[in-house]
Amino acid sequence: VDKLQFPGLVKGRKNIYKHREVFRFECEKGYDVTESEKKLVCNEGTWKGNLPPCKAASCVTSPPSIKNGRIKSYSELHSSFVSYECEEDYFLQSSSNVQCLFGEWKGNPPLCKDARCYFQNLKFKNGMTVPFKDPVLNGEVIEVKCAAGYSVTLSVKPPWCSNGLWTEYGTSPCKPNNCPVHQINNGAFTKRLAKVVWRWNGRVTEYEYVMETIGTTKPAEERLFVSCLYPFTFQGRNDNDVQVVCSGGRWTPTPACHPLGYHYEKESLAARVTNHSIAMSSSTSTTTSPNKEPPFLSNINSATDLESTETPTAERKPSEPCYCLYEGSVDLVAYSGNESLKAGSKVRLNASVRFHCFHFGYHRFMGSREIICKNCRPWHSSEYPSCVVPVRGDVIIYLNSNQKILPGGILTIDQGADVKFNCISNGIADYPSWTTTVPDQLLSFKSLDQSDGYDTYLNTLSIHNASPRHNGFYRCSVSGNRAREIQICIHAKCKMFDESEEFHIHYDNKQEVNSSVLFTCKNSNAKLEGPNLLTCLSNGEWSGHPPKCVSKGCPQLPETGTMLITYSPEDRARGSTATFHCFQPSVRKGNSFIKCLPNGEWSGVVPTCTLPSCQMEKLFEHVPENVVPNMINVTNGTLPYGFELQLTCEGDLRLTEPATAKCGRNGDWEVPKVSCVPGCTSIQVPADSNLIIDPERAFYRFGEFVSLYCNPGHVLSAEVERLMCLRDGWSENTIPTCVDPSSLTEVV
């Protein structure tokens, strides 16, 4: 057999074959028999038959399919490759390496990628509109169309499509139009120049507004200011020196100077109403020059104001959104809920807007801290609060970096922080004083600062280790003058619990006041002793102590059909025992018992019950001499419980009786007591023969005789009445038959 060095051939356990002996072979998985007959014949030391006996298997199934493509050609023969092609408008992103190997298709099919390009994937498309043709086919150039306020620039090539990807040139082919610097009635376009000067309250920035040249143009995103001549204001609002931006060839918001209270919004909105829906334009922040006298705040009739700006509710479509447009000054900080507002922001119906000054502590806040969106109309400028520059006798409060300003001007301080507030008198040689509603001792100290050449009178409020007891209002003032009030709210926060090996800790809002912490045991077989939920109180303390996790006992172990588990005692309490028993013929592998530990876990793993197996090589230690197993159905050296092998003899020897070897319990082979002896097999005669063989058996030992008879009326065809079993077969090669006596010819 060692001479049969062919791939895929299963040689079996027998190594030597005699002359004319047949070797019935098998092929490994992935190989097919070369011809239909699975046999080779030993002929004078060489093998005769179809060689090689096994060949690599062909693929009987179709190759794997691909999305957006199809199979172009393939062969089912071993080592052949598959050719793929893509559908129209798709291309092969990678080559195919799908190959038939030993009866199976191996490798990764290629991908068919979309060769078209889509407008939404353009990187540089500012100012472009969706083209008439979308998607664009591979190799085509996009037809550039620009939105209103944009023009096609010839210096930038239009994008073109290349295998599903846009080839672009670093910028959009549409450029925004420039904005003209035109004449403004009662005002002009200006540029703001800043300069830093020292004043009684330290370094301050003052602005000067220089008029721009009429007839020039400004590029997109360029920002200028609109400065109105006194007593005119920007769009009739309580604003001047308002910043405008060039966008799409137009200045936004619209430059206009009108008397204070002029109903400009009605005039501009009327031109923008379509189907009773107001299209609000965005605006930039505005500021008032400190070197100009603020416009006089005239009393505007509220009824007239509402009438001029309100869109009738009866005419509004139910499906249209309802909101108010915010147009506050840049000196104001405005919030609707937690959303920071800027000029042009939309505020939903019935929502409130809270204000404080951008230069908190310096500007004095004038007006209402809160306004509400009603009737879906823009607020008139007179409804907004204002932030005014302090005058002589006012105080200024300077903050440090440890505070955060909440909507509405509330100062929040982290719990445990140390903070100081400097209160400075403005233009009066006197120290300011602090008062508070907080029922705690007020700690402040006065000082005179002459570092910048001026006498600055200060009173510093100090809060050490801030806690909820410091919540309240604090007032600073100079005797006989207006007070400045601030509200302080301590940001209380509960501490995190130490990590535990017993339970998981879940916080729902970063330990903030009124937030919760949830405890769950890490061991599913444990339970909590104590509260599973605690709340962070307003004093920064949790509402209780963390719980403990105690064991509920050990869990029930999984059983199989071949294993019996008994618990002692049956409640599986701590200290109990689980004992394992495997049903025959299964054999246990692992612990015979485990214990329930105090932590609710078992002391070991559950064993397994497995059927025994027998090693093929062990069989040869148990079979008698010259007895060998038939290895036709054997594929490996380990055979399962109950597997049977037919026994036979080597050479011309014969078993004394038919026998099989069986894989039994504990992995031992069960082999009957048989032996191989010289002998002969039963004499083969035709089924319709009248020949009687006595005794008739399947096997005869060496030296045994059989007698031959015929039924009455017939005689033997030859004078052979007895046969003897020799080492190489029966003593006669030709066995007589029973014939009619009349058919015999007498020999003289």
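A short reminder: the numbers here are calculations on the coordinates, not readings from a lab. None of the values given here were measured: they were computed from a predicted structure. Methodologically, a virtual Cβ is constructed for each residue, glycine included, from the backbone with ideal geometry; neighbour enumeration extends over all protein chains shown.
Binning the alpha carbon pair distances of segment 322-389 at 5 angstrom intervals from zero yields the distribution 4, 20, 30, 27, 13, 5, 2, 0, expressed in whole percent. All C-alpha to C-alpha distances of segment 573-696, sorted into 5 Å bins beginning at zero, yield P(r) values of 2, 9, 14, 12, 10, 10, 8, 8, 7, 6, 4, 3, 2, 2, 1, 1, 1, 0 percent in whole numbers. When Rg and the Kirkwood Rh are both derived from Cα coordinates, the Rg/Rh ratio for segment 563-610 amounts to 1.01. Within the same chain, lysines fewer than 8 places from LYS123 are excluded, and of the rest, those with a Cα less than 17 Å from its Cα are LYS145, LYS157, LYS175. Computed from backbone phi, the HN-Hα couplings of segment 579-594 come to 10, 10, 9, 9, 6, 5, x, 5, 10, 6, 10, x, 5, 7, 7, 9 Hz, rounded to whole numbers (Karplus: 6.51 cos²θ - 1.76 cosθ + 1.60, θ = phi - 60°; Gly and Pro given as x). Contact order, relative form, for segment 69-114: 34 percent (alpha carbon pairs under 8 Å, 6 or more residues apart, mean separation divided by residue count).
Distance from the Cα centroid of segment 540-609 to that of segment 449-466 is 71 Å (rounded to whole angstrom). Just to confirm my numbers, what's the Cα centroid distance between segment 653-698 and segment 1-67 in Å? Here the answer is 30 Å between Cα centres.
Give me the base-10 log of I(q)/I(0) for segment 179-259 at each q in 0.18, 0.27 Å⁻¹, Debye formula, one uniform scatterer per Cα, rounded to two decimals. Listed by q, the Debye log ratios stand at -0.74, -1.25. Highest mean packing first, where packing is the average number of other Cβ atoms within 10 Å per residue, the peptides 415-424, 62-71 line up as 415-424, 62-71.
When the alpha carbon gyration tensor of segment 319-458 is reduced to an equivalent ellipsoid, the three semi-axes, largest first, read 36, 18, 12 Å.
Note that segment 354-410 shows a convex hull volume over its alpha carbon atoms of 91 Å³ per residue. What whole number of Å gives the distance from the Cα centroid of segment 336-353 to the Cα centroid of segment 97-141? Cα centroid to Cα centroid, the span is 44 Å. Pairwise alpha-carbon distances in segment 55-130 exceed 13 Å for 68% of all pairs.
For segment 489-632, the fraction of C-alpha pairs farther apart than 22 angstrom is 63 percent. Put in order of Cβ neighbour count within 10 Å, fewest first, the listed residues LYS123, LYS493 become LYS123, LYS493.
Could you list TRP166, TRP379, TRP47 in order of exposure, starting from the residue whose Cβ has the fewest other Cβ atoms within 10 Å?
The most exposed by this proxy come first: TRP47, TRP166, TRP379.
The calculated pair-distance distribution of segment 500-543 uses every alpha carbon pair, bins of 5 angstrom beginning at 0, and gives 5, 24, 27, 20, 14, 8, 2, 0 percent. Ranking of LEU349, LEU528, LEU534, LEU193 by neighbouring Cβ atoms within 10 Å, starting from the fewest: LEU193, LEU349, LEU528, LEU534. Under 29 Å of direct C-alpha separation, and excluding same-chain neighbours fewer than eight residues apart, LYS18 reaches these lysines: LYS3, LYS29, LYS38, LYS39, LYS48, LYS55, LYS618, LYS662, LYS673.
Looking at the chain, send over the antiparallel percent of its DSSP beta bridges, to the nearest 5. Antiparallel: roughly 95 percent of the beta bridges in the chain. Computed over the alpha carbons of segment 680-739, Rg followed by Dmax gives 11.2, 35 Å. Annotation: lysines with alpha-carbon distance below 20 angstrom to LYS374 (same-chain offsets under eight excluded): LYS266, LYS317, LYS342, LYS346. Around the amide H of SER613, modelled in the peptide plane, lie the amide H atoms of GLY667, all under 5 Å away and 5 or more residues distant in sequence or on another chain.
Using a 4.7 Å Cβ-Cβ cutoff, the cysteines of the chain lacking any partner cysteine are CYS42, CYS489.
How long are the three semi-axes of the equivalent ellipsoid of the chain, in whole Å, if each is the root of 5 times an eigenvalue of the C-alpha gyration tensor, listed from largest down?
Largest first, the chain gives 105, 44, 22 Å.
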